[in-house]
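What follows is calculated from the coordinates using simple rules that are stated; it is not laboratory data. These figures come from a predicted structure and were not determined experimentally. We place every Cβ from the backbone using ideal geometry, glycine too, and count neighbours over all the protein chains shown.
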Amino acid sequence: MIILPRSFYNRSTLVVAEELLGKILKFSNYSGVITEVEAYIGTDDPACHAARGYTPRSSVMFSTPGFSYVYFIYGMYYCLNIVTEREGFPAAVLIRGLKLIAPMETNLHGPGILCKRLNITKAHNKQDLTTNHEFCVYESNLTLDYICTPRIGISTGKEKFWRFKASLIS
C-alpha cells in the first residue's frame, strides 16, 4: 500500500478533506476507511484552534502539512487532525468517522470515540504521517458518495458546510 505523500496534504484543506474520504487510516495494528471529516481553515475561521493566532496548542497547525494534530477536549477525549495547506498557514482536517476493517469490522462515529478505540493520545501529536508506516494514511481505490453539512460540536462557524460525511459502506 502507498502512504499518501506530503503533496497530498499541501493543498486546499477543503480538497484534502473531500479526498480523505475512502482513504485508509493506519494506526498501530488498526486500520480503517475514513468515512467522515471536518475542515478547519485559518485564523479567520472562528472554530479553528488557530483563530487566536499562534499558540503552543495550535503551533502544529502552522507547521508542515501531513503532520498529526492531536488535542484533548471535554477533559476526556482526544481528537485526531491532519495538518494541511502550506507551512505557516494554519489548517487541518479533523477525522470524525472510520469504518474499522482490522483487527475487526465496526463503525466508529465521533472523533473522541475513534481516538479512544484506537488508543490515539496526546503522545501522538506532531507525528509525520507521510513517513511512518505505523501511523499514516494509505491510498485506496474507494470512491465514496458523501454529503456536505455544517460542522458539528462547535459553537461558532456553524454556517460553513465543511463537514464531509460518506454514505454508509458495508
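Odds and ends about this structure:
- Scanning the range 142-154 for residues that are in contact (Cβ under 8 Å) with a residue 60 or more places away in the chain and not β-branched (V, I, T) yields a total of 4.
- Selection count, the range 93-118, where residues are within 19 Å of V70 (Cβ to Cβ), touching a helix residue (DSSP H, G or I) at 6+ places or on another chain (Cβ under 9 Å) and part of a strand (DSSP E or B): 8
- Selection from the range 1-29 of residues that are over 10 Å from C136 (Cβ atoms) and in contact with a Leu (Cβ under 6 Å, 6 or more places away or on another chain): L21, G22
- In the range 66-75, the residues that are closer than 20 Å to K23 by Cβ, out of contact with any Ser or Thr (no Cβ under 6 Å at 6 or more places or on another chain) and either not in a strand (DSSP E or B) or not polar (S, T, N, Q) (or both): F67, Y69, V70
- Residue match in the range 76-92 (condition: in contact (Cβ under 8 Å) with a residue 12 or more places away in the chain, among the β-branched types (V, I, T), part of a strand (DSSP E or B) and touching a His at 6+ places or on another chain (Cβ under 6 Å)): no
- Residue list for the range 96-126, restricted to those being among the aliphatic types (A, V, I, L, M) and without any contact (Cβ under 8 Å) to a residue 60 or more places away in the chain: M104, I113, L114, A123
- Within the range 11-57, considering residues that are among the basic types (K, R) and part of a loop (DSSP other than H, G, I, E, B), the one nearest to E159 (Cα to Cα): R52
- The criterion of at least 1 residues that are in contact with a helix residue (DSSP H, G or I) (Cβ under 6 Å, 6 or more places away or on another chain) and surrounded by 19 or more Cβ atoms within 10 Å (Cβ to Cβ) is met, among strands (runs of 3 or more DSSP E) falling completely within the range 127-170, by 163-166.
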